[in-house]
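Below: one structure, written as structure tokens.
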Amino acid sequence: MLQSKLFYKTDKPARSGFAAGDAGGEKSAISHDLLARAGFVDQLMAGVYSFLPLGFLVLQKIENIIRKNMLEADGQEILMPALNPKENWQKTGRWDNLDILFKLKGNGDKDYALAPTHEEVVVPLAKKIIFSHKDLPLSIFQFQTKFRNELRAKSGILRTREFLMKDLYSFHSTERDLDKYYDKMIKIYMNIFKECGIGKNTYQTLASGGSFSKYSDEFQTTTEAGEDIIYICKKCKLAINKEIKPENSVCPKCGAGEFDEKKAVEAGNIFKLGTKYSLPFDLKFRDKDGHEKDVIMGCFGIGLGRLLGTIVEINHDDKGIIWPKSVAPFLVHLIEIKSDKKNIKATANKIYQELKKNGIQVLYDDRQDKSAGEKFAEADLMGIPFRVVVSEKTLAKNSVEVKERNKNTARLIKIKQLSKILK
RNA sequence: CGGGGUGUAGUGUAACGGUAGCACGAGUCGUUCGGGACGAUUUAGUCGGAGUUCGAAUCUCCGCAUCCCGACCA
């Protein structure tokens with residue numbers, strides 16, 4: 001039975017709705033407020049968060065959606081170290097030039113870096129695997145904690161200094177092969193965001209490529225909490241990040257000239273790295289003719305915590321979170337209304353066991369010291385898709401009350417039918 | 001990294017330079033019991049360090065923390 005205090009936030013929330021921040025004009029992300037109050041995350045310090053049981057369950061759901069899609073892209077999952085030697089970062093010049101790099105000292109004054117990204121690890125690794133054109137293409141991915149010493153952490157969980165990221169690195173023998181893979185990955189990325197419930201608000205967005213290429217592609221989700229401004233082509237829905245917009249007065253894809261301006265959060269970013277990191281580590285392969293050539297690389301990232309926060313930014317109302325079923329911590333929030341009649345508890349318990357047996361994930365609120373109103377309010381805040389209430393009233397009709405979080409009306413369902421309608 | 005704001009109990013908030021108070025939470029008892037119930041009772045606090053003063057939560061300086069704006073953002 002899941003009723004730990006970690007699941008049920010004990011703080012009494014403000015009753016005047018979730019006016020973000022105070023009257024002084026300070027504003028912070030709604031997702032941060034909701035996630036903290038509902039007990040999904042806990043802040044340790046600026047830009048560093050713990051994921052509590054509910055939040056961790058969501059994080060794992062998101063991870064599994066991404067993993068499934070990366071396997072679809074022929075990715076092989078590994079886990080690389082976060083603690084890195086200085087030398088690798090010197091080779092690429094980033095030890096001195098990357099201002100967000102966390103540096104630390106070990107025994108004997110030895111220098112280490114905490115990896116903010118993993119080219120400096122994956123390329124030397126690939127060097128031990130890739131020798132021939134027969135070894136290509138190759139895709140390697142991981143879910144790893146990244147460390148970035150952001151000058152300013154902000155927007156709650158949306159911009160942190162330590163965060164879980166999926167990063168996939170692809171290795172190709174030709175530019176053309178990278179291009180093909182890159183286009184395929186754009187589709188796969190859009191599918192990930194769709195599966196996470198933010199597909200309608202997420203746009204492929206042309207952006208600056210940083211120092212490696214002219215452009216990169218971002219996946220921007222439109223929300224007021226966003227840090228970026230994007231221009232969405234009214235015709236083909238391709239978006240352009242404000243940072244490169246002056247260069248494009250018409251849509252580079254369809255040629256139309258009308259755009260919607262929106263604030264957005266960058267939920268993912270993909271790059272054509274080319275030989276930027278192959279060169280410093282001398283990553284080469286032999287082609288069919290025996291000639292030595294540089295390996296061409298691509299890089300594909302998604303920040304999981306930020307994605308989680310973005311999902312909340314998109315899916316909430318004035319009562320709390322409304323989780324899409326695909327990433328909800330549980331499918332069903334089973335609430336037992338306290339009663340003197342013993343059969344209420346027994347029946348609720350039976351329903352709980354029955355649902356679990358059917359493979360349905362249930363959070364069972366059987367606390368005896370909480371009023372119905374309090375339980376309902378917390379259920380709304382937590383945002384689990386189905387609320388199932390067992391009480392004297394419902395049992396009198398051999399039923400339970402089922403209410404979906406994203407709907408306004410509840411209905412009575414015969415207990416025997418319950419498992420069938422929960423989808 | 002520049003600018004600004006804020007640090008009071010677990011949380012949220014009051015207190016003119018003069019007895020640190022209230023609400024929520026948590027504990028106990030009783031009454032409630034389908035939309036954040038009620039009474040009684042208990043618990044717990046001025047970010048740290050210097051200074052001014054008869055006296056500092058309050059004023060000054062330093063530090064630390066956090067939030068916001070900007071810059072930055074593989």
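Values quoted throughout were computed directly from the atomic coordinates according to the rules given, and no laboratory measurement underlies them. Being a predicted model, the structure only gives us computed values, none of them experimental. Reconstructed Cβ throughout: ideal geometry from the backbone, glycine too, with neighbour counts over all protein chains shown.
Each of A:Ile66, A:Val362, A:Pro116 was scored by the projection of its Cα onto the charge dipole of chain A, and the greatest displacement toward the positive side belongs to A:Val362; charges sit on the C-beta of Lys, Arg, Asp and Glu. When DSSP beta bridges are restricted to pairs lying wholly in chain A, around 85% turn out antiparallel.
Calculated on C-alpha atoms, the gyration radius of region A:349-423 divided by its Kirkwood radius gives an Rg/Rh of 0.92. Centre-to-centre separation between the Cα atoms of region A:192-241 and those of region A:256-280: 8 Å. Put the Cα centre of region A:370-423 next to the Cα centre of region A:115-165 and the gap is 43 Å. Its Cα centre serving as origin, region A:148-228 has a Cβ charge dipole (Lys and Arg +1, Asp and Glu -1) of approximately 120 debye. Per the Debye calculation on region A:102-152 with a single equal scatterer at every Cα and no solvent contribution, log₁₀ I(q)/I(0) for q = 0.22, 0.23 Å⁻¹ amounts to -0.91, -0.95. The residues A:Glu227, A:Glu378, when put in order of fewest to most other Cβ atoms within 10 Å, stand as A:Glu227, A:Glu378. Helix A:304-314 and the long axis of chain A differ in direction by around 50°, with both axes built from C-alpha atoms.
Contact order for region A:186-258, expressed relative to its length and based on alpha carbon pairs under 8 Å spaced 6+ residues apart, stands at 25 percent. Measuring max minus min along each principal axis, the C-alpha atoms of region A:228-319 give extents of 62, 37, 21 Å (largest first). At A:Glu150 and A:Lys423, where each label point lies 7 Å from the Cα along Cα→Cβ, what is the point-to-point distance in nanometres? Label at A:Glu150, label at A:Lys423, 4.0 nm between them. With viscosity 1.306 mPa s and temperature 10 °C, the Kirkwood radius over alpha carbon pairs of region A:310-358 converts through Stokes-Einstein to a diffusion coefficient of 121 µm²/s. Note on region A:47-201: with charges restricted to the Cβ of Lys and Arg (+1) and Asp and Glu (-1), its dipole about the Cα centre is near 360 debye. Taking N as the residue count of chain A, its C-alpha radius of gyration divided by 2.2 N^0.38 Å amounts to 1.12. Think of region A:287-352 as having a plus end and a minus end, set by charges on the Cβ of Lys, Arg, Asp and Glu; of A:Gly303, A:Ile322, A:Ala346, A:Ala346 sits farthest toward the positive end of this dipole.
Across chain A, C-alpha contacts under 8 Å between residues 6 or more apart give a mean separation that, scaled by the residue count, equals a relative contact order of 15 percent. All other residues whose Cβ lies under 14 angstrom from that of A:Lys180 are scored, Lys and Arg at +1 and Asp and Glu at -1, for a net of -1. Rounded to the nearest 20, the Cβ-based charge dipole of chain A about its Cα centre (Lys and Arg +1, Asp and Glu -1) stands at 1760 debye.
Each of the peptides A:182-190, A:231-239 was scored by the mean count of other Cβ atoms within 10 Å over its residues; in descending order, highest first, they stand as A:231-239, A:182-190. Within the shell of other residues whose beta carbon sits under 15 angstrom from the beta carbon of A:Lys350, the net charge comes to +4, with Lys and Arg scored +1 and Asp and Glu -1. So in region A:269-387, what percent of DSSP beta bridges are antiparallel if you round to the nearest 5? Taking every DSSP beta bridge within region A:269-387, about 60 percent pair in antiparallel fashion. Modelled label positions at A:Asp318 and A:Leu279, each set 7 Å beyond Cα in the direction of Cβ, lie 5.8 nm from each other. I'd like the orientation of helix A:175-195 relative to chain A: the angle between its Cα long axis and the longest Cα principal axis, in ° from 0 to 90, rounded to 10. The answer is roughly 10 degrees. Answer rounded, prolate or oblate for region A:64-155, using the Cα gyration tensor with square roots of eigenvalues a ≥ b ≥ c: rounded when a/c is under 1.5, else prolate when a/b is larger than b/c, else oblate. It is oblate, given that a/c is not under 1.5 and a/b is not larger than b/c. Counting Cα-Cα pairs of region A:290-423 in 10 Å increments starting at 0 gives whole-percent bin shares of 11, 38, 27, 10, 5, 4, 3, 1, 0. Protection proxy ranking of A:156-164, A:103-111, A:400-408, A:414-422, by the mean of other Cβ atoms within 10 Å over each peptide's residues and highest first, is A:156-164, A:400-408, A:414-422, A:103-111. By the Cβ distance rule (another cysteine Cβ under 4.7 Å), the unpaired cysteines of chain A are A:Cys196, A:Cys299.
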